[in-house]
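The values are calculated or read from the model by the stated rules, or taken from the named source; none is laboratory data. This one's a predicted model, so the numbers in the text were calculated from it and none came from an experiment. We place every Cβ from the backbone using ideal geometry, glycine too, and count neighbours over all the protein chains shown. Surface accessibility is based on the protein's heavy atoms, side chains included, excluding ligands, DNA and RNA. Shrake-Rupley method; radii C 1.70, N 1.55, O 1.52, S 1.80 Å.
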Amino acid sequence: MGTIGMKHLTPNIITLIATLPEREGLLKRAWLSVCAQSSLPCACVIVVDDDSSNTEYIPKLSTSSFPVHTLKNTESSGAASSWNMGIHFIEQHWPDSYIAILDDDDTWDTNHLALCFDQANRNDWPDVVISGLRVICNGEIQNREPLNQLTLQDFLIGNPGWQGSNTFIQLSTLITAGCFTSRLTSCNDRDLAIRVCSIEGVRFAFTESHTANWTLNTNQQALSTRFSETKLDGLGHFYHLHNHLMTDEIKHLFFMRASTLFGWSEREIKKRAKEWQDAYKSPSSN
């Protein structure tokens, strides 16, 4: 294990950030929290979601501590495709690694990677290590206990606390799960969690400590905004993909949560799910 200054260069940890051209300010904040880690990653992969030929806006982020690779997602737009491009790049260069995902509008405490790696080491290299995720809304921290267990059924209803920025997962597990679902505009974390939980023999470890910070976006473009069309599309797509796993009780809780938090009714979500069902049947989607 090499050292840079007083920090340890931890092997087999690659950070992955997906971003948009107009979010350079947020990206730089996330980037600084990567550089401030007490245990540094082997490399950082940043994927900018943009299919234009313009590259001037791509932030010039560099450090002498670890290599930085900036890619452009020129495939189907969206965070899922951007993450997948980064995952496949990592597969080519660091096939034996853990991927630590950081959303571009979130941050980590300085001990986040060190604590995740320590738990991985203590638990004989599990598939996933999940840290606690602080929820910060309008500058105030919302009380939420760190996860110490989870089930597939949890994610059919909602999200108990495993999201992008507290994902620390073996690359091989991500590949086995099928990576992220292209064109899924929201619920990406829940969709991935369900497929990871479905892997036979999958193993989880929990740090039981808050080291990732989720800044809940409250502007009018946020997915969490009531009556967001993008959220409706994600909910309909998610329901199309996973309703076969839901009992009647889970369906009731799923629709009740969607209505309470986002304003979308069971009828509206099922209608959008039918549109996704038809889209998957279309020859153009194959």
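Helix 188-197 versus the longest principal axis of the chain: what angle, 0 to 90°, nearest 10, using Cα atoms? That works out to roughly 80 degrees.
Straight-line cross-link reach from residue 270 at under 18 Å between alpha-carbon atoms covers these aspartates and glutamates, not counting any fewer than eight positions away in the same chain: 191, 229, 233, 248, 249, 278. With a threshold of 19 Å on the Cα-Cα distance, the over-threshold entries among 251/281; 28/72; 72/281 are 251/281; 72/281. Is the stretch 72-126 rounded, prolate or oblate when judged by the Cα gyration tensor, a ≥ b ≥ c being the square roots of its eigenvalues, rounded requiring a/c under 1.5 and prolate requiring a/b larger than b/c? The shape class here is oblate. If you wrap the chain in the convex hull of its Cα atoms and look at it from every side, the mean projected area works out to 15.5 nm².
Let a ≥ b ≥ c be the square roots of the eigenvalues of the Cα gyration tensor of the stretch 239-286; is it rounded (a/c under 1.5), or, if not, prolate (a/b larger than b/c) or oblate? Because a/c hits 1.5 or more and a/b fails to exceed b/c, the stretch 239-286 counts as oblate. Computed log10 I(q)/I(0) for the stretch 57-180 at 0.20, 0.23 Å⁻¹: -1.48, -1.66, from the Debye equation with unit scatterers placed on every C-alpha and solvent omitted. Ligands, DNA and RNA aside, residue 280 has an accessible area near 80 Å² when probed at 1.4 Å. Among beta bridges identified by DSSP and lying wholly in the chain, the antiparallel ones come to about 35 percent.
In degrees between 0 and 90, to the nearest 10, how far off the longest principal axis of the chain does helix 248-262 point, with axes built from Cα atoms? Value to nearest ten degrees: 70.
Taking 213, 166, 123 in turn, the Gaussian network model of the chain (Cα-Cα springs below 10 Å) assigns the largest fluctuation to 123. If you fit an axis through the alpha-carbon atoms of helix 79-93 and take the longest principal axis of the Cα set of the chain, what angle between them do you get, 0 to 90°, nearest 10? Helix 79-93 sits roughly 40 degrees off the main axis of the chain. Here is how the number arises for the chain: DSSP H runs of 4 or more residues each give -39500 (n - 2.57), the sum is divided by the residue count, and the result at 222 nm is -11500 deg cm²/dmol.
Counting only other residues whose beta carbon sits under 13 Å from that of residue 268, what net charge do I get with K and R as +1, D and E as -1? With Lys, Arg at +1 and Asp, Glu at -1, the neighbours total +3. Comparing 68, 48, 34 in a Gaussian network model of the chain (Cα springs below 10 Å), the most mobile by mean-square fluctuation is 68. Residues whose amide H lies under 5 Å from that of residue 71, counting only those 5 or more places away or on a different chain, are 46, 47, 48; hydrogens are built 1.01 Å from N in the peptide plane. Expressed to the nearest 5 percent, the antiparallel share of DSSP beta bridges inside the stretch 25-144 is 35 percent. With bins 10 Å wide starting at 0, give me the P(r) of the stretch 144-286 over every alpha carbon pair, in whole percents. Spelled out per bin, shortest first, that is 10, 39, 37, 13, 1.
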